[in-house]
Structure formats: C-alpha cells, structure tokens
Amino acid sequence: MGWSRDSNSDIPGRGPVRKIIEAEGTHNCVICLADERKNYFVQFGTGKNESVVRAEAVSNAFLKPRFRLGERQVKTLRSMGWKAPKPNVSPNFYRDWGKGAGETLEMARHAMQVLSEIYGARTNRKLKIEVVLESAQNRPKGPDV
C-alpha cells in the first residue's frame, strides 16, 4: 500500500517522529528512504535534552555522480526552507523543527513532499522507514523497525 501527501492519517513518518521525540535516549533518529540504491533519504534526529528535531535531506556529498541533485532540485529544496550543507553544522541539507505535538504532522508532510518532489519517491510504493532509539544504557546499534 502506498501513501498520500494529502491525507493526515496515512502519512509515513508521523508516528516514528513522535516516537523519537517521546523517547528517553539522547540520540534517536528516523530515516525515511525513498530509494536505497540511490541513497535518497530524509532523516530526523533528536534527543531527550534537545529542544528541536533536526531534519536532514541527503546532499550531493553522499550521492554517486549519476544520482546527484541538479541545480533546479537544490533551488527547490532551498525554497522549501532547507538550509545548504554547512561544515560543523550538517553535511546534508537541514532544517530544525520544534517538538510540539502539531509539528509532527507538518514534519512528516514536509518529508514526504521532499521525498516525492526532489528525490522522485512514488506515492504508490511503500516507503522504508527505520527508527533508531537509544536506551538509557545503550547507544544505538541499528534499525529498530
């Protein structure tokens, strides 16, 4: 089953983003993969002591030459509110979100828009979502979903 950017109930990522916000660990993330072969993804990261959720959309630094974003795609990402990769901040395009309850829907909607409009994800295909939660005693070791 696919997903729709126009419906509130079936937007992938909303539940997992809420999960990382509510989790106890300090290094929690959700990775939404549009195309594993091309390495197209949007990810969210936060922790118990953080006031924001950092969203990242993969940049050309992590893409093979034939899969790199073109000038138009980069311009569109920037017009959607994503900041350009910056040393010591993020190697990917990024933006920060508040942790409010209403924000999770907007984050998920925005991620799906980026995945479909920038990275070509199709809404008729199931999206791969990985959740990594850090427990109080352990650092993340891999996907939790």
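Of note:
This table checks each residue for (1) touching a helix residue (DSSP H, G or I) at 6+ places or on another chain (Cβ under 7 Å); (2) within 17 Å of Ser116 (Cβ to Cβ); (3) open to solvent by less than 20 Å² (accessible area, probe 1.4 Å); (4) of a type outside the set (S, T, N, Q).
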position	(1), (2), (3), (4)
Gly13	yes, yes, yes, yes
Val17	yes, no, yes, yes
Glu24	no, no, no, yes
Asn28	yes, no, yes, no
Ala34	yes, yes, no, yes
Gly47	no, no, yes, yes
Ser51	no, no, no, no
Ser59	no, no, yes, no
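- Residue tally, condition of a type in the set (Lys, Arg), free of Cβ contacts under 8 Å to residues at least 40 places away in the same chain and closer than 28 Å to Arg68 by Cα, over the stretch 20-52: 1
- Residue match in the stretch 61-68 (condition: under 19 Å from Cys29 (Cβ atoms) and either open to solvent by 50 Å² or more (accessible area, probe 1.4 Å) or not in a loop (DSSP other than H, G, I, E, B) (or both)): yes
- Of the criteria (1) at pLDDT below 90; (2) surrounded by 15 or more Cβ atoms within 10 Å (Cβ to Cβ), which one Phe93 fails: (1)
Table: residues versus (1) part of a strand (DSSP E or B); (2) charged (D, E, K, R); (3) modelled with pLDDT of 90 or more.
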site	(1), (2), (3)
Glu50	no, yes, yes
Trp97	yes, no, yes
Glu106	no, yes, no
Ala111	no, no, yes
Lys126	no, yes, no
Val131	yes, no, yes
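- Of the candidates Glu56, Glu130, Glu71, Glu106, the single residue that is closer than 16 Å to Gly15 by Cα, of a type in the set (D, E, K, R) and without any contact (Cβ under 8 Å) to a residue 40 or more places away in the chain is Glu106.
Here's the yes/no breakdown for (1) in a loop (DSSP other than H, G, I, E, B); (2) modelled with pLDDT under 95:
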site	(1), (2)
Asp10	yes, yes
Ile21	no, yes
Gly25	yes, yes
Leu33	no, yes
Phe41	no, no
Phe44	no, no
Ala55	no, no
Val74	no, no
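- Of the criteria (1) closer than 23 Å to Glu103 by Cβ; (2) free of Cβ contacts under 8 Å to residues at least 12 places away in the same chain; (3) open to solvent by less than 80 Å² (accessible area, probe 1.4 Å), which one Ser79 fails: (3)
- Looking across the stretch 113-124, the residues that are open to solvent by less than 30 Å² (accessible area, probe 1.4 Å) and assigned to a loop (DSSP other than H, G, I, E, B) come down to Ile118, Tyr119, Ala121.
The values are calculated or read from the model by the stated rules, or taken from the named source; none is laboratory data. Source: prediction; values computed, not measured. Neighbour counts run over all protein chains shown; Cβ positions are idealised from the backbone, glycine included. Protein only, heavy atoms only, side chains kept; ligands, DNA and RNA dropped before computing areas. Shrake-Rupley method; radii C 1.70, N 1.55, O 1.52, S 1.80 Å.
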